[in-house]
């Protein structure tokens with residue numbers, strides 16, 4: 001407390017106490033005659049006298065109190081100004097940036113979201129989320145269907161997508177159970193032919209407000225079948241080429257998609273993110289199915305040797321296809337995408 005203002009405050013307090021004394025006397029109905037001060041031939045009541053003195057003290061204190069109030073208000077305004085002007089220091093600038101990153105769409109927010117997803121290293125096909133990959137038209141025409149049973153998304157990396165946000169890039173693996181639909185005597189039966197394992201590179205766009213954008217396939221690594229019986233290789237390799245050609249055409253929207261489907265182009269899948277406990281769940285809702293993946297911490301799936309081993313198997317399979325198609329130009333033409341003869345193929 002400033003020493004210059006202390007007397008004013010004390011005087012003001014005395015004035016207030018005087019008013020309170022009069023109030024108490026009034027409430028107690030104290031007679032004026034019993035407590036009167038005699039000055040000359042006149043009697044002056046105590047209550048009016050106290051009021052007069054109290055008013056004098058309060059009036060004496062008001063100017064100094066007003067001056068002090070004005071000074072306090074000025075100091076308060078200076079304090080508020082100081083809060084804003086002091087934010088030029090390094091610590092406050094950092095706080096501003098953090099608040100800005102949380103509220104304003106920015107590259108920094110997209111990067112943070114991308115790095116969160118990439119830090120999981122590996123997404124695995126979610127249990128009980130199998131789906132039929134082939135369309136009804138394709139199955140009806142060629143009597144085969146492909147059911148997705150396993151898969152993963154690994155080797156995840158982030159990169160900036162210009163001023164639009166970030167890209168989460170990775171290698172997708174899908175395992176499809178290939179079945180032949182057999183009709184005999186008006187009845188249908190299903191025969192398991194092979195498991196087709198395919199790898200391809202995909203990217204997921206992440207906008208500056210952390211919204212998940214479109215997911216697209218941009219490179220085909222290849223497909224390798226494992227036949228249910230060894231003799232099925234020669235019997236069904238043409239059917240496997242048909243399935244693989246359909247898969248690649250759908251992935252890259254090649255112009256001959258109408259040979260397999262009724263739509264001119266495959267519609268993009270709509271992504272969504274959720275959580276199952278501490279694990280991240282990614283779902284890609286497509287027209288006829290939903291591909292669902294859950295985060296795993298396994299680093300084994302991300303090992304470079306996994307990809308190199310797969311490419312060796314793919315190259316052997318392609319060599320076998322070429323040998324089987326030496327004298328069959330029509331089948332060789334059908335199988336050309338399976339052996340990597342298309343613009344999106346990766347060596």
Determine the relative contact order of region 111-261: mean sequence separation of Cα pairs under 8 Å and six or more apart, normalised by residue count, in whole percent.
17
Anisotropy class of region 227-347 from Cα gyration tensor, a/c 1.5 cut:
oblate
Starting from the Cα gyration tensor of region 93-249, take the square roots of the eigenvalues, sort them a ≥ b ≥ c, and report rounded, prolate or oblate (rounded when a/c is under 1.5, otherwise prolate if a/b is larger than b/c, else oblate).
prolate
Using the Cα gyration tensor of region 203-253, with a ≥ b ≥ c the square roots of its eigenvalues, what is the shape: rounded (a/c below 1.5), prolate (a/b larger than b/c) or oblate (neither)?
prolate
Run the numbers for residue 309 and residue 195: contour at 0.36 nm per residue of separation, minus the present Cα-Cα distance, in nm.
39.3 nm
Apply 1/(1 + (r/R0)^6) to the Cβ-Cβ distance of residue 96 and residue 259, taking R0 = 41 Å, and write down the FRET efficiency to the nearest 0.05.
0.10
Let's test the formula: R0 of 25 Å, r as the Cβ-Cβ distance of residue 267 and residue 142. What FRET efficiency results, to the nearest 0.05?
0.70
Sort out for me the Cα centre separation of region 167-233 from region 111-128, rounded to whole Å.
20
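Ordered by packing density, taken as the mean number of other Cβ atoms within 10 Å over each peptide's residues, highest first, how do 167-178, 134-145 rank? List each step's numbers first, then the result.
Numbers: 167-178: 21.1, 134-145: 16.4.
Top to bottom by mean Cβ count within 10 Å: 167-178, 134-145.
Read-outs throughout are calculated quantities, based only on the coordinates presented, and are distinct from any laboratory measurement. In this text, all values refer to a predicted model and were calculated from it rather than measured experimentally. All Cβ positions, glycine included, derive from the backbone under ideal geometry; neighbour counts span all protein chains shown.
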